[in-house]
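Read-outs: derived from the displayed coordinates by stated rules, not from any lab. Note that the structure is a prediction, hence the values are computed from the model and not measured. Here the Cβ is made from the backbone with ideal geometry for all residues, glycine too, and neighbour counts use every protein chain on show.
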């Protein structure tokens with residue numbers, strides 16, 4: 001399969017699984033959680049009620065409704081009982097409340113509205129001066145009469161969409177954003193997008209359509225149940241623990257003089273994709289194959305290039321005295337856990353593998 005393809009399939013337990021493939025390789029994956037799971041999802045916006053400040057950890061616990069809580073890290077916590085608009089910023093760690101932000105983003109395909117952050121901004125990736133000027137004029141017109149403090153960001157996708165479609169999306173997002181006020185009963189005001197909706201928003205190019213059913217991509221999805229990810233003749237083992245994600249790079253059957261460097265560079269290039277597909281974040285510790293200090297710069301360069309294309313906030317924390325490289329990665333995805341079962345039949349070997357995983 002050549003080219004780029006977005007596939008989506010309904011899950012037997014409800015919700016969807018969406019996959020992005022480029023030249024037949026699985027590049028990204030979104031899976032809806034079990035519909036019975038009440039855990040707040042990233043991007044969901046709530047009208048929350050502030051609890052008592054927790055000065056020891058620099059924040060405040062918030063009631064999100066339906067016996068759900070969130071944690072807002074802030075030096076100026078709202079008074080207890082006050083209403084506050086917050087957005088879930090990452091998946092919760094086991095046994096902890098999800099982190100939330102009091103600077104919500106109302107995101108669409110072409111535009112993002114930013115309550116509390118005024119101004120009009122255009123993605124830097126849009127470099128054509130004429131297109132930027134046209135988009136600036138469109139933004140001025142579309143945001144005329146908006147509440148003070150409501151800002152707008154035009155995303156990269158705005159460069160390829162029709163002006164009428166962008167203006168219509170901004171109008172719809174404004175209607176949502178202008179309803180986000182702290183007064184009123186607590187609860188969810190804007191749900192997080194499902195896997196199918198997020199895939200359409202983030203992956204589809206103008207005029208492109210989703211393909212129904214994952215087909216042979218189920219093989220690649222089922223393979224994520226194995227902690228071992230092949231990298232040429234070697235492999236890396238990616239194993240999440242409660243404290244961190246441990247990555248061990250191995251040369252496998254390659255016994256050539258440059259085997260370790262080849263395996264380490266291949267691991268650095270593919271690690272962000274593997275973490276993305278597996279939904280892993282937080283602290284990541286990489287134990288590379290035997291690596292000379294003089295080769296660290298090469299490995300870091302390869303990893304940084306892969307991270308720039310990844311899209312998930314990740315910080316290289318540095319090398320430990322034992323020679324491990326540590327990363328800190330945002331928990332924007334949920335660990336994949338058990339491979340879900342699709343609602344359709346006839347998936348062939350991929351279906352059989354997903355049942356066994």
**OP:** Set the Förster distance to 41 Å, then compute FRET efficiency between residue 317 and residue 2 from the Cβ-Cβ distance, nearest 0.05.
**Re:** 0.60
**OP:** For region 219-300, count the residues as N, evaluate 2.2 N^0.38 Å, and divide the Cα radius of gyration by that value, please.
**Re:** 1.08
Original post:
Which value in nm describes the separation of the simple spin-label points at residue 156 and residue 172, placed 7 Å from the Cα toward the beta carbon?
Top reply: 2.2 nm
Original post:
Which residues does a label at residue 164 reach in region 122-149, if reach means a backbone N under 17 Å from a point 7 Å past the Cα toward the Cβ?
Top reply: 138, 142
Subject >> Residue order, fewest to most beta carbons within 10 Å, for 300, 239, 43 >> reply: 239, 300, 43
Subject >> Sorted largest first, extent of region 1-130 alpha carbons per principal axis (Å) >> reply: 56, 48, 22
**OP:** Using just the helices of the chain, give the 222 nm mean residue ellipticity in deg cm²/dmol: DSSP H runs with n ≥ 4 each add -39,500 (n - 2.57), and the total is spread over all residues, rounded to 500.
**Re:** -7500 deg cm²/dmol
**OP:** Report the residue, chosen from 230, 75, 129, that carries the largest GNM mean-square fluctuation when the chain is represented by alpha-carbon nodes joined by springs under 10 Å.
**Re:** 129
Original post:
Taking other Cβ within 10 Å of each residue's Cβ, how do 211, 6, 88 sort, fewest first?
Top reply: 211, 6, 88
**OP:** Give me the number: length gained by fully extending residue 226 to residue 293, i.e. 0.36 nm times residue separation minus the C-alpha to C-alpha distance, one decimal in nm.
**Re:** 21.0 nm
**OP:** Just the number, please: percent antiparallel of the DSSP beta bridges in the chain, rounded to the nearest 5.
**Re:** 85 percent
**OP:** Would you order 255, 39 from fewest to most other beta-carbon atoms within 10 Å of each residue's own beta-carbon?
**Re:** 255, 39
Original post:
In whole Å, how far is the Cα centre of region 120-148 from that of region 209-252?
Top reply: 41 Å
Original post:
For region 194-352, what value does the Rg/Rh ratio take when both radii are computed over Cα atoms and Rh is the Kirkwood radius, given to two decimals?
Top reply: 1.00
